[in-house]
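Before any comments, here is the structure.
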2 protein chains.
Amino acid sequence: MKSPLEKARKNPESMKARILAAARRIFGEYGFHGTTTRMIAKEVGIDISTLHYHWGDKNDLYEAVVMDVNNDLGKEFLNLEKIVHTSTLEERMNIALDRMTDYLFDHPEVSNLVLFRYFSKTRNEVDIDFKVPEFSGNIAHAMGLTKDAKNPLSRAMMEVMIIMNGMHSFVSGENYFRSMLKLDRKNYIDLVKETLKFILIPAFVLREEKMKKGRSRPSSKMTQEKKKSKVKPS
Amino acid sequence: MKSPLEKARKNPESMKARILAAARRIFGEYGFHGTTTRMIAKEVGIDISTLHYHWGDKNDLYEAVVMDVNNDLGKEFLNLEKIVHTSTLEERMNIALDRMTDYLFDHPEVSNLVLFRYFSKTRNEVDIDFKVPEFSGNIAHAMGLTKDAKNPLSRAMMEVMIIMNGMHSFVSGENYFRSMLKLDRKNYIDLVKETLKFILIPAFVLREEKMKKGRSRPSSKMTQEKKKSKVKPS
DNA sequence: TTTTGATTCCATCAATTGATTGAATGGCTA
DNA sequence: TAGCCATTCAATCAATTGATGGAATCAAAA
């Protein structure tokens, strides 16, 4: 027997799936308490009783939405991992940031829902977090952040989270930031990418530099190509 | 005649001020729709009609909270500016990140409310943003990010926002992240500072390096004081 | 003391909200 | 056709929520 979520994903035209999609959007915009089941039903064009028939109560639906979004995000990370094998660290980060940013701007409710889960409490003690796998650990591992002993897992996970939060913030805050900067969407997205790369990449590249020099083993082409900008170990 | 907000700030023991303080906490935790006026009244230990007597309706109170938090944040930026004149860019950023992080961890509702304003919509179209001055521009200027022609205002503001958002995220997400990493509060805060500094500082230091080399013209005091910085020109 | 004004709470309302019931609807099979 | 089952909706509930009116309280002024 499949879970309701799997059923809904199987046929995107089904009522179950249409409700879930609408719920993602609305919950993403207004948060749990800011969303009423009527808002979702109206978005789909159905009665609330139909919504409850398919998804149970509001908490159940919200839980399904969170799982669904998390699932999508997980898939996206897998795809990313496949693409990003090659080249230097700098190049890998460039590609990953580009791709991930594009994905999130195409699915802003993903960022919205992730941030809601991080930052806000729900009045009723719905504890769905224990069901939601956290990717930070995996990503940290995939990025090779946990390879050196000086960088324990929690530190590596923090580094992943600051990267992810940077992206999520600019995606979720698009309305706010964009109207502040008076930019159109395309220019905003370009500026986001530029800023993310400018801020996030150097730290990692420099550390890699240091580590390699520390070992005094110039192995990859990475060391050579970065000769021109380096920090002297203090 | 003073504004209600000024009155409340004048005497922290007054009912007006106590309600405002409670409202900051509760709105910060649960967001606008997640908060009921009864929750705030209960926190203070009063009846809801007393709350409405002092602050009008829920929107008015929320507006006052946002203005209050924004005001505090502005003051904190001013204090920071006074302290942070000296030393190298790297040192200035170290101090600023330390101080700002401490402040936000001491007043987490500030981060919460800022993020709520950035990321979530309110069902009723309360448009208080036009009243809320945005500091990003000032900070960008104070940090000297707008001095070179290559870095237009919007780019500089994005850089400020990624810094602020990094701090806000770790403060607001403390519960979530800390339980994920299984750290106590002190260790978490230390790790946050370490991570923020590791990620955020190198990009700016490197850029400053490059600019100086590019111009090969030591003009302002900024440029001179950096001679002894840790970053060695290759 | 009486009066005045500010403050607080109790009782109550109307609207909203989450949720259910039971009656239709329509497709499928025996 | 009749029976069965899944789906949908109108009607309705009970609880919650934002908000108000009016009585009670209290301190300072007259």
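The values are calculated or read from the model by the stated rules, or taken from the named source; none is laboratory data. This is a predicted model, so every value here is computed, not measured. Methodologically, a virtual Cβ is constructed for each residue, glycine included, from the backbone with ideal geometry; neighbour enumeration extends over all protein chains shown. For the accessible areas, the whole protein counts, side chains as well, though only heavy atoms, and no ligand, DNA or RNA atoms are used. Shrake-Rupley method; radii C 1.70, N 1.55, O 1.52, S 1.80 Å.
Taken over the range B:31-47, residues that are closer than 20 Å to A:Tyr30 by Cβ and either within 8 Å of DNA strand D (Cβ to nearest atom) or more than 14 Å from chain A (Cβ to nearest Cβ) (or both) amount to 5. Restricted to the range A:158-193, and to residues that are touching a helix residue (DSSP H, G or I) at 6+ places or on another chain (Cβ under 7 Å) and of a type in the set (Asp, Glu), which residue is nearest to the other protein chains (Cβ to nearest Cβ)? Step by step, filter the range A:158-193, then rank; the result is A:Glu159.
The condition of being outside the structural domain of B:Asn124 (by TED's automatic domain parsing), under 21 Å from B:Tyr103 (Cα atoms) and touching a residue at least 40 places away in the same chain (Cβ under 8 Å) holds for only one of B:Phe27, B:Phe32, that being B:Phe27.
Every listed requirement among (1) surrounded by fewer than 20 Cβ atoms within 10 Å (Cβ to Cβ); (2) within 14 Å of chain A (Cβ to nearest Cβ); (3) not hydroxyl-bearing (Ser, Thr, Tyr) is met by B:Ala17 save one, (2). The single condition among (1) at the interface with chain A (Cβ under 9 Å from one of its Cβ atoms); (2) under 24 Å from B:Ile201 (Cβ atoms); (3) open to solvent by 20 Å² or more (accessible area, probe 1.4 Å) that B:Tyr103 does not meet is (1).
Among the conditions (1) away from DNA strand D (no atom under 14 Å from the Cβ); (2) open to solvent by 20 Å² or more (accessible area, probe 1.4 Å); (3) part of a helix (DSSP H, G or I), A:Thr50 misses just one, which is (1). Of the residues making up the range B:13-55, those that are of a type in the set (D, E, K, R) and away from DNA strand C (no atom under 13 Å from the Cβ) number 3. Part of a helix (DSSP H, G or I), away from DNA strand C (no atom under 14 Å from the Cβ) and either modelled with pLDDT of 95 or more or surrounded by fewer than 21 Cβ atoms within 10 Å (Cβ to Cβ) (or both), is that true of A:Ala64? No: the conditions fail for A:Ala64. Before we move on, is B:Asn124 at pLDDT below 95, out of contact with any helix residue (DSSP H, G or I) (no Cβ under 6 Å at 6 or more places or on another chain) and within 13 Å of DNA strand D (Cβ to nearest atom)? The answer is yes for B:Asn124. Restricting the first member to the range A:203-216 and to residues that are under 10 Å from A:Leu89 (Cβ atoms), and the second to residues that are modelled with pLDDT of 80 or more and of a type in the set (Asp, Glu), the beta-carbon pairs closer than 6 Å and six or more apart or on different chains are A:Val205/A:Glu90. Scanning the range B:53-98 for residues that are within 16 Å of DNA strand D (Cβ to nearest atom) and touching a residue at least 12 places away in the same chain (Cβ under 8 Å) returns B:His54, B:Trp55, B:Lys58, B:Asn59, B:Leu61, B:Tyr62, B:Glu63, B:Ala64, B:Val65, B:Val66.
Counting only residues that are surrounded by 20 or more Cβ atoms within 10 Å (Cβ to Cβ), within 14 Å of the chain's Cα centre (by Cα), at pLDDT below 85 and not β-branched (Val, Ile, Thr), how many does the range B:137-165 have? Counting residues in the range B:137-165 that are surrounded by 20 or more Cβ atoms within 10 Å (Cβ to Cβ), within 14 Å of the chain's Cα centre (by Cα), at pLDDT below 85 and not β-branched (Val, Ile, Thr) gives 1.
Enumerate the pairs (first residue in the range B:107-124 and facing chain A (nearest Cβ under 10 Å) and in a helix (DSSP H, G or I); second residue anywhere and among the charged types (D, E, K, R) and open to solvent by 30 Å² or more (accessible area, probe 1.4 Å)) with beta-carbon separation below 7 Å, excluding pairs fewer than 6 apart on the same chain, so at least 6 apart or on different chains. Here the result reads B:Asn112/B:Glu29, each pair linking the range B:107-124 to a residue that is among the charged types (D, E, K, R) and open to solvent by 30 Å² or more (accessible area, probe 1.4 Å).
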